[in-house]
Amino acid sequence: LGHTVHWLPEVGSTNDVARRLADDGAPEGTLVIADRQLAGRGRLRRAWWSPPGGLWMSLILRPTLPPERLPLLTLAAAAAVAEALERHAGRPVAVKWPNDVLIDDRKIAGILLETVAHPHGAEYVVAGIGINLDVEGEPVPPGLEGRLTWLAREVVEPVTRNEVAEAVLDRLEVRYRQLHDQGPDPVLDAWRARAAWLGEPVRVTLPAGEVVGIALDVAPDGSLVVEQAGGRRERVLAGDVQRLRP
Ligand code: BTN
């Protein structure tokens, strides 16, 4: 992964550039990196703050996984990013379902997977990864202060963007292969080992409604298992998790 790199100073969204390349037949592993994004996208149609000083990248994947396993790619990427950051950060790095990477409960990275489907599975997947590296001095958008962090704040030795990109690609390659060769378990275990808030009371805001209960586990389809009052278990496929008693 990452043998061909398209580096761009400024783009709308690296995911869009990667999609255009994939539509034109770019092979698996093609990587797009931008210094800054003017229209970075997050999950649930949110904007993603992408000033200079971050690692904003999108990777083209052409997985041969059954469609029900595709959501696990998000967990694989989140675990890989956490593993890569752990090499440099002086403290534990956690993952939060489905796609957040946190240090001390502050978001340091996010993952946005976009799947272009064909009838038998994925034609291709663009794995968009955004990591705050050194955004010191960039004005943080209102509402995000105190809720995000960046690597330069968390490390002892300075790290370059290339070093972080290499570490991420390295771990991603391992987890991506594992998903194909060994099924969900190794990836789920790597994710669980760093999971924030498992066993804790949470509120999950869904596209329609909400689920309140204990965040029990992740299932082999990548969904979050929540145990509601009375013991009923609900599997949530998409939503926003908040801890109820921080
Ligand atoms: C999220 O946490 O909501 C996901 C954020 C994903 C951000 C990355 S930055 C590189 C790629 N290009 C985008 O427009 N988004 C992803």
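Here, each number is a calculation from the coordinates, and none is a lab measurement. Since the structure is predicted, the reported quantities are computational estimates derived from the model, not experimental observations. Reconstructed Cβ throughout: ideal geometry from the backbone, glycine too, with neighbour counts over all protein chains shown.
Structure summary
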| item | result |
| --- | --- |
| D (Stokes-Einstein, µm²/s), Kirkwood Cα radius, the chain, 1.306 mPa s at 10 °C | 87 µm²/s |
| Span-like helix ranges in the chain, DSSP H, alpha carbon extent 15 angstrom or more, Kyte mean at least 1.6 | 72-86 |
| Dipole magnitude of the stretch 8-65 about its Cα centre (Cβ charges: Lys, Arg +1; Asp, Glu -1), debye to nearest 20 | 340 debye |
| Residues 74, 30, 4 arranged by fewest to most Cβ contacts within 10 Å | 4, 74, 30 |
| Per-residue [θ]222 nm for the chain (sum of -39500 (n - 2.57) over DSSP H runs n ≥ 4, rounded to 500) | -7500 deg cm²/dmol |
| Span from the the stretch 69-134 Cα centroid across to the the stretch 205-246 one, whole angstrom | 19 Å |
| Spin-label model distance (nm) - residue 185 vs residue 140, 7 Å beyond Cα toward Cβ | 4.1 nm |
| Selection from 137, 3, 207, by position along the positive dipole direction of the chain (Cβ) | 207 |
| Stretchable slack from residue 120 to residue 47, in nm (0.36 nm times residue separation minus alpha-carbon distance) | 23.2 nm |
| For residue 14, net neighbour charge (Lys/Arg +1, Asp/Glu -1) across residues whose Cβ lies under 13 Å away | 0 |
| Dipole magnitude of the chain about its Cα centre (Cβ charges: Lys, Arg +1; Asp, Glu -1), debye to nearest 20 | 620 debye |
| Of every Cα-Cα pair in the stretch 201-243, the percent that sits beyond 11 Å | 59 percent |
